[in-house]
Amino acid sequence: MSWYELFGFGEKGWGGLLVVGLLLTIAVTLTALLIGAVFGSLAAWGKLSASMPARIAGDVYTTVFRGVPELLVIFLIYFGGSSLTTAIGHLFGRDGFVGLPNFLAGALAVGVISGAYQAEVFRAAFVAVSRGELEAARAVGMPRLMRFRRIIVPQVLRFAIPGLGNVWQLSLKDSALISITGLVELMRSAQIGAGSTRQYFGFYIAAGALYLLLTSVSNRVFETAEARTARSFRRRLA
Amino acid sequence: MIARHFASALLSATLLAGAAASVEAKDWKTVTVVTEGAYEPWNLTNPDGTVGGFEPEMLKDLCGRMKIECKVVTSDFDSAIPSLVAGKYDVVMDALSITDDRKKTIAFSDPYAATPAVFVTDKTSPLANAAGTGTTIKLENDGATPTMDALRKAFKGKTIGIQTATVYTPFVINNFKDVATIREYKTSPEHDLDLVAGRIDLAFDDATYFTSAFAKPENKDMAYTGPQINGMIWGPGEAFGFRKEDTDLTAMFNKAITEAKADGTLEKLSQKWFKLNVVP
């Protein structure tokens, strides 16, 4: 069978499976990035807070999830999570196994890891916001929430774009580890194709090319976003 | 505090209720079977996403005999046993060898396959058609039989390639190290490459592995030599894995396997997928 047939979209071609895997990789990474944004902004808020317990909580979160292997976090959430939900199920009289769906478990695992990195990105971006602007906003009598909405959020997001681009790429690669939960994302679909046809080399090369395509396209997207937001700054971002 | 715990448990439960995975009944009307779906020819995935291979076809037959519905799901091999123990699946079907280590965690059915191992050489080599070619011998422990003595004599001074750290490694070393040179390789395809290149005279590996290796055009000159070696020397073989407490389910599978063995169904499937009989 020729390469064209093997990776094509015909009856015997694996192209369809790989493309579905690619889409699932994008979906799971986007979900993880959103979950991470929630955890990350909470942790950044904690780290910058004046309250000691909030600072400690933020520091513990970013230290633990940046310092522990991703695979271990995925195992913990996938297996530990379903033991927890099964226990809760029993509490409500449901017999047997109640599991976290593997998409959710995987996105959650990659999400909390990416949240730890995003927290640092948001924290640095907040520090970069000019103190003078915050003082001026306070001087004209802007209430706290309005200051957050009008001064902090728009600028933090702009300063955070380059860092978020890195975190996105990191999460994209972490998502390959979710293949152990049986979710058929790009990595797992390549493994399935390789094991079913014994064309290991071909399938892993194909998956590698698709990952590269994904990261280079998203690099361009982040570069464009960076250039656009830089227009409203007096000087270029670093 | 208790009220708050309850509230958060309630919240998580409502969130999960919609998405929660299977909850099975204990009277075994349906069982969830996990397989890798990427270990040809044992189990594989077709390009259209369906699962095929020796094990899925055998399972279909067995479940018909047991009159239960078997749902096959695919997952990574590494997480199959932990997921079984956690209750996510009921049966593991993935060319799972019965080992004492695994027996500490899970229960096994009777074996449905025990793959023989065999020597391979170049068709044109004087070593082709060594003693016992085309037959099967059963070895129980150390391998001291007349056929083995003949092989030792025939392979004197030759070089044998084996994959390192498998059940076959100590067997070849113990039986041939005093008469032949033994070279260890990290993976099986590597000893094929060196055999074809003429760096080694013989290779020894799993017969089902060679069945698919022979299908590659670059290996067209490889041929079996000597007998197919089978028996307890390789361990009991491959079987279904169950949770230890599910003894009733294990017994149901054992009964169905015995029936399928007796009426020749297993052997027919084995010939179809492996081109040889792996039924123990």
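The values are calculated or read from the model by the stated rules, or taken from the named source; none is laboratory data. Keep in mind that what you see is a predicted model, and the values were worked out from it rather than measured. Cβ coordinates were reconstructed from backbone atoms using ideal geometry, including for glycine residues, and neighbour counts include every protein chain displayed.
Give A:GLY89, A:GLY36, A:GLY111 a once-over and let me know the one that is closer than 28 Å to B:ILE81 by Cα, out of contact with any His (no Cβ under 8 Å at 6 or more places or on another chain), away from chain B (no Cβ under 14 Å) and among the small types (Gly, Ala, Ser).
A:GLY111
Kindly check whether there is at least one residue in segment A:161-174 that is within 14 Å of another protein chain (Cβ to nearest Cβ), out of contact with any Gly (no Cβ under 8 Å at 6 or more places or on another chain) and under 30 Å from B:TYR39 (Cβ atoms).
no
Search segment A:125-144 for residues that are under 19 Å from A:ARG158 (Cα atoms) and pair each with any residue that is modelled with pLDDT under 90 and among the charged types (D, E, K, R) when their beta-carbon atoms are under 9 Å apart and the residues are at least 6 apart or on different chains.
Matching pairs, first to second residue: A:ALA125/A:ARG158.
Taking helices (runs of 4 or more DSSP H) that do not extend beyond segment A:42-141, which have at least 1 residues that are under 21 Å from A:LEU172 (Cβ atoms)?
A:52-67, A:70-75, A:102-128
Pairs only if they're at least six apart or on different chains, beta carbon under 9 angstrom, first in segment A:1-20 and touching a residue at least 60 places away in the same chain (Cβ under 8 Å), second surrounded by fewer than 13 Cβ atoms within 10 Å (Cβ to Cβ); list them, first residue then second.
A:LEU6/A:LYS12; A:LEU17/B:ASP48
Among the residues of segment B:130-137, is there at least one that is in contact (Cβ under 8 Å) with a residue 40 or more places away in the chain and more than 23 Å from B:SER270 (Cβ to Cβ)?
Yes: one or more hits.
Answer yes or no: is there a residue in segment A:219-228 that is within 14 Å of chain B (Cβ to nearest Cβ), of a type outside the set (A, V, I, L, M) and either assigned to a helix (DSSP H, G or I) or within 30 Å of B:TRP42 (Cα to Cα) (or both).
No, there is no match, as no residue in segment A:219-228 is within 14 Å of chain B (Cβ to nearest Cβ), of a type outside the set (A, V, I, L, M) and either assigned to a helix (DSSP H, G or I) or within 30 Å of B:TRP42 (Cα to Cα) (or both).
Can you name the residue in segment A:1-33 that is touching a Leu at 6+ places or on another chain (Cβ under 8 Å) and either among the basic types (Lys, Arg) or within 14 Å of chain B (Cβ to nearest Cβ) (or both) and is also surrounded by the most Cβ atoms within 10 Å (Cβ to Cβ) among such residues?
By that ranking, first place goes to A:TRP14.
With respect to A:TYR61, determine if the residue is at pLDDT 90 or above, in contact with a helix residue (DSSP H, G or I) (Cβ under 8 Å, 6 or more places away or on another chain) and crowded, with 19+ Cβ neighbours inside 10 Å.
For A:TYR61, the condition - at pLDDT 90 or above, in contact with a helix residue (DSSP H, G or I) (Cβ under 8 Å, 6 or more places away or on another chain) and crowded, with 19+ Cβ neighbours inside 10 Å - is met.
Against the conditions (1) within 17 Å of the chain's Cα centre (by Cα); (2) touching a residue at least 12 places away in the same chain (Cβ under 8 Å), where does A:VAL68 fall short? Just the number, please.
(2)
Only one of B:GLU184, B:GLU140 is modelled with pLDDT under 95, assigned to a strand (DSSP E or B) and on the phi < 0 side of the Ramachandran plot; which?
B:GLU184
I want to confirm something. Restricting to segment A:175-186 and keeping residues that are touching a residue at least 60 places away in the same chain (Cβ under 8 Å) and among the polar types (S, T, N, Q), which single residue is nearest to the other protein chains (Cβ to nearest Cβ)?
A:THR181
In segment B:190-220, what residues are in contact with a Gly (Cβ under 6 Å, 6 or more places away or on another chain) and in a strand (DSSP E or B)?
Across segment B:190-220, the qualifying residue is only B:ALA203.
Against the definition (at pLDDT 85 or above, at positive phi and within 10 Å of chain A (Cβ to nearest Cβ)), how does B:GLY52 come out, yes or no?
In short, no.
Are any of the residues in segment B:108-127 among the charged types (D, E, K, R) and closer than 23 Å to B:LEU195 by Cβ?
Within segment B:108-127, one or more residues are among the charged types (D, E, K, R) and closer than 23 Å to B:LEU195 by Cβ.
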